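Student: Pasting in a structure now, in structure tokens, and then I'll have a few things to ask.
The values are calculated or read from the model by the stated rules, or taken from the named source; none is laboratory data. Here the structure is a predicted model, which is why all the values come from computation and not from measurement. Quick reminder, even Gly has a Cβ in these numbers, built from the backbone with ideal geometry, and neighbours come from all protein chains shown. What goes into the accessible areas is simple: the full protein's heavy atoms, side chains included, and nothing from ligands, DNA or RNA. Shrake-Rupley method; radii C 1.70, N 1.55, O 1.52, S 1.80 Å.
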Amino acid sequence: MSTQRVAIVTGAARGIGAQVAHRLADDGHAVAVFDLDEAACQVVADEINAAGGKAIGVGVDVSDEVKVEAGVSRVAAELGAPTILINNAGIIRDNLIFKMTVADWDAVMAVHLRGAFLMSREVQQYQTKEGWGRIVNLSSTSALGNRGQANYSAAKAGMQGLTKTLALELGRYGVTANAIAPGFIATDMTAATAERMGVTFEDFKAAVAKETPVRRVGEPADIAHAASFFASEGAGFVSGQILYVAGGPKD
Ligand code: NAP
């Protein structure tokens, strides 16, 4: 078992984030489960604790500067200095550009970009002090452009720029920053997309699988595996990278 670290996973009450939280706990890390609804976070934390891990649930809106400061301080007080950060919280507000509202644009920027910025700025204080840290940002294949997602694709491309800059600035303190860019992963988020398109989730997944080289859709565990690698002790010379986890080549 590797050295136990303290990890924060945002948007971890469900979907990819919940799976990443479980995986990091299985890897031996203490985990803070961050999401909007503290009760929902606690459900995931309870599952981790019941399985022999160590976790707390913390209700935090990652786009809120004051809540982020308070949430990260609570982690430091209850679990110890957080040195692994997974910026996973995300939302979609899809629409074609002519129908996209300013509210749709701002909401997506606030959670993905402002959220990842605020969380990284807060956690890097502990990482640089410890001389060790791992930041993993969730980008997406949508960063390459995706119809109906002007806001989301801009935010996910922005996550890649943020990742590379964090890698440049924080490397000298033993902190790496990398991004995972998933393809289609079966979660509530993609189920909502199917609903918006007026197709069943099963039909949607089958159509995506047919177009994917490995002939299946992704599962949250596929992303958790990549996050586990980037967070590991041995990945200290891997920084500023964008890993497409999409069942085939992208970009
Ligand atoms: P999901 O099932 O919708 O889960 C996202 C989680 O983020 C939810 O628990 C949500 O809370 C939380 N969240 C939303 N706004 C937040 C905020 N302001 N502060 C804290 N938490 C917040 O999504 P997912 O599919 O697991 O996606 C996770 C990440 O992977 C996202 O960044 C997404 O963009 C990215 N991604 C997903 C896919 C995919 O195919 N699923 C592909 C590429 C990238 P509520 O439940 O309260 O809304």
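Student: Only one of (1) within 17 Å of the chain's Cα centre (by Cα); (2) closer than 20 Å to A221 by Cα is not met by G52, so which one is it?
Tutor: (1)
Student: Follow-up question, since we're still on this one. List the number of the failed condition for F117; all other conditions in (1) in contact with a helix residue (DSSP H, G or I) (Cβ under 6 Å, 6 or more places away or on another chain); (2) of a type in the set (F, W, Y); (3) under 23 Å from D61 (Cα atoms); (4) within 14 Å of the ligand (Cβ to nearest atom) hold.
Tutor: All conditions are met except number (1).
Student: Let me ask something else about it. For R74, which of the numbered conditions (1) farther than 18 Å from T187 by Cβ; (2) within 11 Å of the ligand (Cβ to nearest atom) fails to hold?
Tutor: With (1) farther than 18 Å from T187 by Cβ; (2) within 11 Å of the ligand (Cβ to nearest atom) applied to R74, the lone miss is (2).
Student: Does M159 satisfy being within 14 Å of the chain's Cα centre (by Cα), assigned by TED's automatic domain parsing to the domain that holds G71 and near the ligand (Cβ under 9 Å from one of its atoms)?
Tutor: Values: within 14 Å of the chain's Cα centre (by Cα): yes; assigned by TED's automatic domain parsing to the domain that holds G71: yes; near the ligand (Cβ under 9 Å from one of its atoms): yes.
Yes, satisfied.
Student: Considering only the range 26-42, state which residues are touching a Gly at 6+ places or on another chain (Cβ under 9 Å) and either surrounded by fewer than 22 Cβ atoms within 10 Å (Cβ to Cβ) or over 16 Å from G115 (Cβ atoms) (or both).
Tutor: Kept after step one, since they are touching a Gly at 6+ places or on another chain (Cβ under 9 Å), are these residues of the range 26-42: 26, 28-42.
Those that are touching a Gly at 6+ places or on another chain (Cβ under 9 Å) and either surrounded by fewer than 22 Cβ atoms within 10 Å (Cβ to Cβ) or over 16 Å from G115 (Cβ atoms) (or both): D26, G28, H29, A30, V31, L36, D37, E38, A39, A40, Q42.
Table: residues versus (1) assigned to a helix (DSSP H, G or I); (2) within 20 Å of G15 (Cα to Cα); (3) aromatic (F, W, Y).
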residue	(1), (2), (3)
I180	no, yes, no
T193	yes, yes, no
R196	yes, yes, no
R215	no, no, no
I223	yes, yes, no
A227	yes, yes, no
F230	yes, yes, yes
F237	no, no, yes
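Student: Could you say whether any residue in the range 182-200 is within 14 Å of the ligand (Cβ to nearest atom) and closer than 30 Å to Y126 by Cα?
Tutor: yes
Student: Would you say V43 is over 18 Å from V136 (Cβ atoms), within 13 Å of the ligand (Cβ to nearest atom) and among the β-branched types (V, I, T)?
Tutor: Yes; evaluated as a whole, the condition is true for this residue.
Student: Go through the range 196-251 and give me each residue that's among the basic types (K, R) and open to solvent by less than 90 Å² (accessible area, probe 1.4 Å).
Tutor: Within the range 196-251, just K205 meets the criteria.
Student: Condition first: among the hydrophobic types (A, V, I, L, M, F, W, C), within 14 Å of the ligand (Cβ to nearest atom) and either modelled with pLDDT under 95 or in a helix (DSSP H, G or I) (or both). Can you find one or more residues in the range 127-141 that meet it?
Tutor: Scanning the range 127-141, I find no residue that is among the hydrophobic types (A, V, I, L, M, F, W, C), within 14 Å of the ligand (Cβ to nearest atom) and either modelled with pLDDT under 95 or in a helix (DSSP H, G or I) (or both), so the answer is no.
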